[in-house]
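S.K.: The structure is given below, and queries will be raised subsequently.
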Amino acid sequence: MSDSKNAGATTSVRRVDVEGEGSTNPTIPAAMEYDYTNFYFGAGDDPFALLEPFDEWYSQVEPAGYYLYELPLHTAPGTRVDIKDTKTGEMRRGLINFASYNYLGLSYRPEVKEAIKEATDVYGGGSSGSPILSGTTALHRAFAEEMAAFKGTEAAILFPTGYSANVGTIAGLMRSGDLIVADQFAHASIVDGMILSKAKSRFFRHNRADDLDRKLSGFDGKKLVIVEGVYSMDGDVPPLAELIEVCRKHGARLMIDEAHSAFVFGPTGKGVAEDQGVEDEIDIHLGTFSKSLGGQGGYVAGPQRLINYLRGFSRSRFFSCALSPVVVAGLRKALELASKEPELRTKLWENVATMQKLLTDAGVPQGDSTSHVIPIMVRDDARIFMIGEELMREGIFINPVRYPAVGKHKSRFRMSISAAHTRADLEEGAEKIAKVLGRYGLCQ
């Protein structure tokens, strides 16, 4: 490849073989030194000008590791999965699954599947309409009311995805001339909502209330602060009481995205805000159904007047097809099970403690997670794909994460723990992970 940092835009990609001519590591193609960011901007007048150099680059990096993304599953996202290895064409069966969210193991529960089947008989496959027109069914209305009751708010509103919930809420509420301040590790959907709102955007240092104070200082006007319940790449949680104090000092509203924390944190599973005893001091509660409930969609819960406003101004909901009623039926049953079976949360946290100890005892480098999301730190952007490939062939399904999803030289595997994992799953998984990482000198 060219040495230009914008190589994809202006030059062709120099093809190298797997031996990696000119590479700093003889087993890694030189093309792996580049990533998607090198092909973001392009010169010239043709929007397609980037496509050919991108394809030249991708044809080299896909077989070298990028193929590990979008591997097709042939089973439900349970604790053991069958996956098609697109590089070799082999079907890899019975891999221990540490990649899927499904934190409570609800997506494939018989009760959930039966609710989906019954709804299919009544409603068919899809909503066939926007929520404001023909897409709202009795199931949607009932589930929104159940979510409001669960979160302890006046009302709730459903979105097609968690991404659309963030984009629609932020851009629907904030305007040009307003100020939005988000944690520096905020999810891409939050960032995109900030961009679409056209408000002034700032980021404060991760979980630093003092820096949030500085970012809010000196601004007169509408202010919104956005944090997450569990940060999806690090697994840590925010110091909500400190952040709330700063928000009140500056007259800012606070929104929390509990995508990874709702239904698993807190005495009744409401989330990190409940766990820290501040749920009544949060202005906007937002989350997803694709994580702990194992389904699809997103929600916002809060005052009735907020929900009324978002119905008219959340464009990502207003102009999207409503959630499929069969999905909603499954979610309603999943919420019922999560509420009636607190032992699922107990089992999840037992599994988290077990896995953290197993990994620690084996010397596997971890981040500072305090949740069911455990980052296994590799800090080697090129070799992480090689390690991921070996893990898959040892029987582990876990996702490699590298820049730009995380900072450069902060590559990792993101491990998701489920209440459905058995002790045997955890022990075998930890043993195999330690064995593979040990080959690369990564175990302490």
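Residues are listed down the side, and each one gets a yes or a no for (1) at pLDDT below 95; (2) under 21 Å from the mean Cα position of the chain (by Cα); (3) of a type in the set (A, V, I, L, M); (4) surrounded by fewer than 24 Cβ atoms within 10 Å (Cβ to Cβ):
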site: M147; (1), (2), (3), (4): no, yes, yes, no
site: A155; (1), (2), (3), (4): no, no, yes, yes
site: Y163; (1), (2), (3), (4): no, yes, no, yes
site: G168; (1), (2), (3), (4): no, yes, no, no
site: S176; (1), (2), (3), (4): no, no, no, yes
site: V181; (1), (2), (3), (4): no, yes, yes, no
site: H187; (1), (2), (3), (4): no, yes, no, yes
site: V191; (1), (2), (3), (4): no, yes, yes, yes
site: S197; (1), (2), (3), (4): no, no, no, yes
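S.K.: Yes or no: V401 within 18 Å of the chain's Cα centre (by Cα) and of a type in the set (A, V, I, L, M)? I'd like the intermediate steps shown before the answer.
M.R.: Numbers: within 18 Å of the chain's Cα centre (by Cα): yes; of a type in the set (A, V, I, L, M): yes.
So V401 passes the test.
S.K.: Where residues in segment 194-211 are assigned to a helix (DSSP H, G or I) and out of contact with any strand residue (DSSP E or B) (no Cβ under 8 Å at 6 or more places or on another chain), which of them is farthest from G266 (Cα to Cα)? Steps first, answer last, please.
M.R.: First, pick out the residues of segment 194-211 that are assigned to a helix (DSSP H, G or I): 194-197, 209-211.
Cutting the leftovers down to out of contact with any strand residue (DSSP E or B) (no Cβ under 8 Å at 6 or more places or on another chain) gives us 196, 209-210.
Numbers: L196: 33, A209: 22, D210: 26 Å.
Looking at residues that are assigned to a helix (DSSP H, G or I) and out of contact with any strand residue (DSSP E or B) (no Cβ under 8 Å at 6 or more places or on another chain), I get L196.
S.K.: Separate question: Out of the residues in segment 263-294 that are out of contact with any Phe, Trp or Tyr (no Cβ under 9 Å at 6 or more places or on another chain) and small (G, A, S), state the one that is surrounded by the most Cβ atoms within 10 Å (Cβ to Cβ).
M.R.: Once the filter is applied, the top-ranked residue is G266.
S.K.: Given the criterion out of contact with any His (no Cβ under 7 Å at 6 or more places or on another chain) and among the hydroxyl-bearing types (S, T, Y), identify the matching residue among T75, T153. Step through it out loud before you land on a result.
M.R.: Working: T153 fails: out of contact with any His (no Cβ under 7 Å at 6 or more places or on another chain).
Going through T75, T153 in turn, the sole match is T75.
S.K.: Being surrounded by 13 or more Cβ atoms within 10 Å (Cβ to Cβ), in a helix (DSSP H, G or I) and at pLDDT 95 or above is the requirement here; does V122 meet it?
M.R.: On the way: surrounded by 13 or more Cβ atoms within 10 Å (Cβ to Cβ): no; in a helix (DSSP H, G or I): yes; at pLDDT 95 or above: yes.
When the stated conditions are applied, V122 does not pass them.
S.K.: Return a yes/no flag: does segment 148-157 have any residue that is small (G, A, S), assigned to a helix (DSSP H, G or I) and touching a Ser or Thr at 6+ places or on another chain (Cβ under 7 Å). Talk me through it step by step, then tell me what you get.
M.R.: Step one: of segment 148-157, the residues small (G, A, S) are 148-149, 152, 155-156.
Next, from what is left, pick out any that are assigned to a helix (DSSP H, G or I): 148-149.
Remaining after also requiring touching a Ser or Thr at 6+ places or on another chain (Cβ under 7 Å): none.
No, the conditions are met nowhere in segment 148-157.
S.K.: Do we find a residue being within 19 Å of H260 (Cβ to Cβ), modelled with pLDDT of 95 or more and not assigned by TED's automatic domain parsing to the domain that holds V122 anywhere in segment 383-392?
M.R.: The initial filter retains those residues of segment 383-392 that are within 19 Å of H260 (Cβ to Cβ), namely none.
There is no residue in segment 383-392 that is within 19 Å of H260 (Cβ to Cβ), modelled with pLDDT of 95 or more and not assigned by TED's automatic domain parsing to the domain that holds V122.
A quick yes/no check of all residues on (1) crowded, with 16+ Cβ neighbours inside 10 Å; (2) among the aliphatic types (A, V, I, L, M):
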site: G388; (1), (2): yes, no
site: S411; (1), (2): yes, no
site: M415; (1), (2): yes, yes
site: A420; (1), (2): yes, yes
site: E427; (1), (2): no, no
site: L437; (1), (2): yes, yes
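S.K.: Moving on to the next point. Would you check if V352 is surrounded by 16 or more Cβ atoms within 10 Å (Cβ to Cβ), within 23 Å of D82 (Cα to Cα) and touching a His at 6+ places or on another chain (Cβ under 8 Å)? Break it down stepwise before answering.
M.R.: On the way: surrounded by 16 or more Cβ atoms within 10 Å (Cβ to Cβ): yes; within 23 Å of D82 (Cα to Cα): no; touching a His at 6+ places or on another chain (Cβ under 8 Å): yes.
So V352 does not fit the description; no.
S.K.: What are the pairs, 6+ residues apart or on separate chains, where a residue within segment 204-232 that is surrounded by 16 or more Cβ atoms within 10 Å (Cβ to Cβ) has its Cβ under 8 Å from a residue that is of a type in the set (G, A, S) and not in a loop (DSSP other than H, G, I, E, B)?
M.R.: F204/A182; V225/A182; I226/A182; V227/A182; G229/A273; G229/G287
S.K.: For segment 38-90: of the residues being touching a Lys or Arg at 6+ places or on another chain (Cβ under 6 Å) and outside any loop (DSSP other than H, G, I, E, B), which is surrounded by the most Cβ atoms within 10 Å (Cβ to Cβ)?
M.R.: In this case the residue turns out to be I83.
S.K.: Yes or no: segment 248-267 includes at least one residue that is on the phi < 0 side of the Ramachandran plot, free of Cβ contacts under 8 Å to residues at least 24 places away in the same chain and not in a helix (DSSP H, G or I). Talk me through it step by step, then tell me what you get.
M.R.: The first filter runs over segment 248-267 and keeps only residues on the phi < 0 side of the Ramachandran plot, leaving 248-250, 252-262, 264-265, 267.
Adding the requirement that they be free of Cβ contacts under 8 Å to residues at least 24 places away in the same chain leaves 248, 267.
Checking which are not in a helix (DSSP H, G or I) leaves us with 267.
Scanning segment 248-267 turns up at least one residue that is on the phi < 0 side of the Ramachandran plot, free of Cβ contacts under 8 Å to residues at least 24 places away in the same chain and not in a helix (DSSP H, G or I).
S.K.: What is the one condition in (1) at pLDDT 95 or above; (2) out of contact with any strand residue (DSSP E or B) (no Cβ under 9 Å at 6 or more places or on another chain) that H250 does not satisfy?
M.R.: For H250, the exception is condition (2).
S.K.: Another question about this same structure. Tell me the residue from P342, P325 that is over 23 Å from the mean Cα position of the chain (by Cα) and surrounded by 23 or more Cβ atoms within 10 Å (Cβ to Cβ), please. Spell out the reasoning first.
M.R.: On the way: P342 fails: surrounded by 23 or more Cβ atoms within 10 Å (Cβ to Cβ).
Just a single option satisfies the conditions, and that option is P325.
S.K.: When segment 212-247 is examined, which residues are found to be in a loop (DSSP other than H, G, I, E, B) and under 13 Å from the mean Cα position of the chain (by Cα)? Talk me through it step by step, then tell me what you get.
M.R.: In the first step, residues of segment 212-247 are kept if they are in a loop (DSSP other than H, G, I, E, B); the result is 217-222, 229-239.
G229, V230, Y231, S232, M233, D234, G235 - these are the residues of segment 212-247 that are in a loop (DSSP other than H, G, I, E, B) and under 13 Å from the mean Cα position of the chain (by Cα).
S.K.: State all residues of segment 273-288 that are more than 19 Å from the chain's Cα centre (by Cα) and either polar (S, T, N, Q) or not assigned by TED's automatic domain parsing to the domain that holds V237 (or both); if no residue qualifies, say none.
M.R.: Answer for segment 273-288, where residues must be more than 19 Å from the chain's Cα centre (by Cα) and either polar (S, T, N, Q) or not assigned by TED's automatic domain parsing to the domain that holds V237 (or both): just Q276.
S.K.: Also, quick follow-up: Step by step: first the residues of segment 359-382, then only those that are more than 13 Å from F98 (Cβ to Cβ) and among the hydrophobic types (A, V, I, L, M, F, W, C), then the one that is modelled with the lowest pLDDT. Which residue is that?
M.R.: Per the stated criteria, the residue is A382.
S.K.: Is it true that some residue in segment 116-130 is touching a residue at least 40 places away in the same chain (Cβ under 8 Å), in the same structural domain as G302 (by TED's automatic domain parsing) and of a type in the set (D, E)?
M.R.: yes
S.K.: Given the conditions (1) closer than 28 Å to I374 by Cβ; (2) of a type outside the set (G, A, S); (3) assigned to a loop (DSSP other than H, G, I, E, B), which single one is not true for L323?
M.R.: Exception for L323: condition (1).
The values are calculated or read from the model by the stated rules, or taken from the named source; none is laboratory data. None of the values given here were measured: they were computed from a predicted structure. Using ideal geometry, Cβ is built from the backbone for each residue, glycine included, and neighbour counts are taken over all protein chains shown.
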